[in-house]
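Q: What follows is a structure written as structure tokens; I'll ask about it next.
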């Protein structure tokens, strides 16, 4: 269980009073964390993550058996923040039958012929399952905002790109998520908050490690050149879309193991607070089960 103090430190407010500059990408703001060396902090976080995998496996099994709720987990971040590895480490202990992951790339011609939410609706998790969006419809108020030429590809009526246009998109997203929440989908949104210097270090590591060269895309450095614009877009996005029914968590991403442990703890705590359990077996069903057991034992 994460302490209330830790949750308060990383959960974005829901009153619009959010400023990304108030959150430290290298955060370790508890006395215990500050007293640890880098290696000790990593080992502590790895142990917490390992325990979290066990708890998450049990929680997912109950979610699947109960079959009334779904969990949608959204990851947004700058490149090299660790979305892929966080999903891998946090979710590695669960049953793949109850989990699905979608990574959204550039929209196709067919997807551009629909509203901006259409392709994401196709990937929503069924009841009893966990759905993970590695990037999401929030790209529509991030990359599309930083690169306004992409809005033109959507062939929308009326004026686009002004403040009223983006406010309307925030309103659409909030209404969509409220609809999901009212119908049993629990939504967790993680912004993996990476510093510019740490991103530079990871890019250099990626470009000097032959086993990681395949990860490099020319767009990585192009987007880095728009760093300030992206930070402003994230600032406004979180301020306008962190709600009581779908909160944002700003996860410090400069330390990968702390990041993974925090994400694991929030997911596990969230499922644990749901009113879910294994279905109760009726009396009539119990008689059938006893008869079946007796038949098998007497063979």
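Computed from the coordinates by the stated procedures, all read-outs in this text should not be read as laboratory data. Fair warning: this is a prediction, and the values are worked out from it, not measured in the lab. So basically every Cβ, Gly included, is an ideal-geometry build from the backbone, and we count neighbours across all protein chains shown.
Q: Once you keep just the Cα pairs under 8 angstrom separated by 6 or more residues, what percentage relative contact order results for the stretch 33-134?
A: On the way: 102 pairs, mean separation 42.7, N = 102.
Taking the mean separation of contacting Cα pairs over the length of the stretch 33-134, I get 42 percent.
Q: Another question, then. Relative contact order of the chain: what whole-number percent is it, with Cα pairs under 8 angstrom and at least 6 residues apart? All intermediate terms of the calculation are to be shown ahead of the outcome.
A: On the way: 384 pairs, mean separation 103.8, N = 299.
Relative contact order for the chain comes out at 35 percent.
Q: With a 10 Å cut-off between alpha carbons and a GNM built on the chain, which of 108, 282, 195 moves the most?
A: 282
Q: From the gyration tensor of the Cα coordinates in the chain, what semi-axes in whole Å does the equivalent ellipsoid have, largest first, with each one equal to sqrt(5λ)?
A: Sorted largest first and rounded, they come to 36, 26, 19 Å.
Q: Here is a further query. Quick one: Cα centre-to-centre distance for the stretch 130-155 and the stretch 233-271, in angstrom?
A: 19 Å
Q: Given a 10 angstrom Cα cut-off, can you work out which residue in 283, 273, 105 is the most mobile in a GNM of the chain?
A: Comparing 283, 273, 105 in the GNM, the peak value goes to 283.
Q: Classify the stretch 32-159 as rounded, prolate or oblate, taking a ≥ b ≥ c as the square roots of the eigenvalues of its Cα gyration tensor: rounded when a/c is under 1.5, otherwise prolate if a/b is larger than b/c and oblate if not. Before the final figure, lay out each step's value.
A: On the way: a/c = 3.42, a/b = 1.52, b/c = 2.25.
Oblate, because a/c is 1.5 or more while a/b does not exceed b/c.
Q: Another question, then. How would you rank 143, 281, 186, going from fewest to most other Cβ atoms within 10 Å of each one's own Cβ? Please list the in-between numbers first.
A: Details: 143 17, 281 10, 186 21.
Ranking 143, 281, 186 by Cβ neighbours within 10 Å, fewest first, gives 281, 143, 186.
Q: Where does each of 198, 54, 140, 61 land when they are ranked from fewest to most other beta-carbon atoms within 10 angstrom? Numbers along the way, then the final one.
A: On the way: 198 18, 54 11, 140 22, 61 14.
Taking fewest neighbouring Cβ atoms as first place, the list is 54, 61, 198, 140.
Q: Shifting gears a bit: Going out from 0 in 10 Å bins, what whole percent of all Cα-Cα distances in the stretch 212-254 drops into each bin?
A: The calculated distribution, bin by bin, is 22, 37, 30, 11, 0.
Q: Using the number of other C-beta atoms within 10 angstrom as an exposure proxy, rank 260, 224 with the fewest first. Working shown, then result.
A: On the way: 260 25, 224 16.
By the 10 Å Cβ count, ascending: 224, 260.
Q: May I ask you to derive the FRET efficiency for residue 117 and residue 44 from their Cβ-Cβ distance with R0 = 41 Å, giving the value to the nearest 0.05?
A: Details: r = 40 Å, r/R0 = 0.98.
In this case the efficiency is close to 0.55.
Q: Here is a follow-up. Mind telling me which of 223, 275, 172 comes out most flexible in a GNM of the chain, alpha-carbon contacts under 10 Å?
A: Looking only at 223, 275, 172, the largest GNM fluctuation is found for 275.
Q: What FRET efficiency, computed as 1/(1 + (r/R0)^6) with R0 = 51 Å and r the Cβ-Cβ distance, is obtained for residue 104 and residue 287, rounded to the nearest 0.05?
A: Values: r = 49 Å, r/R0 = 0.97.
About 0.55, to the nearest 0.05.
Q: Please compute the length gained on full extension between residue 170 and residue 220, using 0.36 nm multiplied by the number of residues separating them and subtracting their Cα-Cα distance. Working shown, then result.
A: On the way: separation 50, 0.36 × 50 = 18.00 nm, distance 2.60 nm.
My answer for the length gained is 15.4 nm.
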